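The values are calculated or read from the model by the stated rules, or taken from the named source; none is laboratory data. These figures come from a predicted structure and were not determined experimentally. Glycine gets a Cβ as well: all are built from the backbone with ideal geometry, and neighbour counts include every protein chain shown. Note: areas computed on protein heavy atoms with side chains; ligands, DNA, RNA excluded. Shrake-Rupley method; radii C 1.70, N 1.55, O 1.52, S 1.80 Å.
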Amino acid sequence: CLRGEFFEAHHEIGVAHSALGKHALALAAFERAARLNDQVPELQLNLGSALMAMQQGERALAHFDRALALQPKQARVWSERAMALADRGRMDEALASYIRRNHNLLIGEATAERIKTRHGGLYATGMD
C-alpha cells in the first residue's frame, strides 16, 4: 500500500492497473490521485476510461466533461466522450463530439440531426 500524498504515484499505479485490465483497481488508484489533485486533464480522462470499462457511462461522462473543461483541445477526450454518449443512446451529442474531435468544429444537436437525416443515420460502431 502506497502511503503519503504522491499524486503521480497513485496516477501511475492506476495507469498500470488499467493496462492490465484491472479496472476496479485502476479506478481506486485514480480516485486516490483525484483526492490529491483533481485539476489534471489526463487523470480525468483516465477516470472516465476506467468507468467506461466498468459499464458506468454516466459517471464516465462527468469525468470526460471535466477533462474538457480543464483542457478543451484534447482530441482523445472528445472521442471517448462521443463513444460514451453513443453507448447511452445520445447520438446527436455523440456526433457533435465526434465532429469536434475529427474536424475541430463545434456543432449543435440540431446540426447533428440534419447530418444524420441527410446521411441516412449513423451508428456507434461506425464512428472510428
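How do the peptides 9-15, 80-86, 51-57 rank, highest first, by the average count of neighbouring beta carbon atoms within 10 Å per residue? Kindly include the intermediate steps, with their values, before the conclusion.
Values: 9-15: 19.4, 80-86: 23.6, 51-57: 16.9.
Per-residue mean Cβ counts within 10 Å order the peptides as 80-86, 9-15, 51-57.
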Checklist entry - Applying the Karplus parametrisation 6.51 cos²θ - 1.76 cosθ + 1.60 with θ = phi - 60° to the phi angles of region 64-70, what ³J(HN,Hα) value in whole Hz is obtained for each residue in order, glycine and proline being reported as x? => result 4, 5, 5, 4, 6, 5, 7
Item to check | Karplus 3J(HN,Hα) series, Hz, for region 6-20 with 6.51 cos²θ - 1.76 cosθ + 1.60 (x for Gly, Pro) | outcome: 10, 3, 4, 5, 4, 4, 5, 4, x, 4, 5, 4, 4, 4, 8
Checklist entry - When the accessible area of region 17-103 is computed with all protein chains present and a 1.4 Å probe, what percentage of it is carbon and sulfur? => result 48
Checklist entry - Once both labels are modelled 7 Å past Cα along the beta-carbon direction, what's the Leu36-Asp65 spacing in nm? => result 2.8
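Nearest 20 debye, what's the magnitude of the dipole of region 25-89 about its Cα centre given +1 on Lys and Arg Cβ and -1 on Asp and Glu Cβ? Before the final figure, lay out the partial values.
Numbers: 8 positive and 7 negative charges, 15 e Å.
For this selection, approximately 80 debye.
Report the net charge of residues surrounding Leu70, where surrounding means a beta-carbon distance below 13 angstrom and charges are Lys +1, Arg +1, Asp -1, Glu -1.
Working: positive: Arg66, Lys73; negative: Asp38, Glu42, Asp65.
Net charge around Leu70: -1.
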Checklist entry - What does the charge add up to near Gly48, with Lys and Arg as +1, Asp and Glu as -1, over the other residues with Cβ less than 9 Å from its Cβ? => result +1
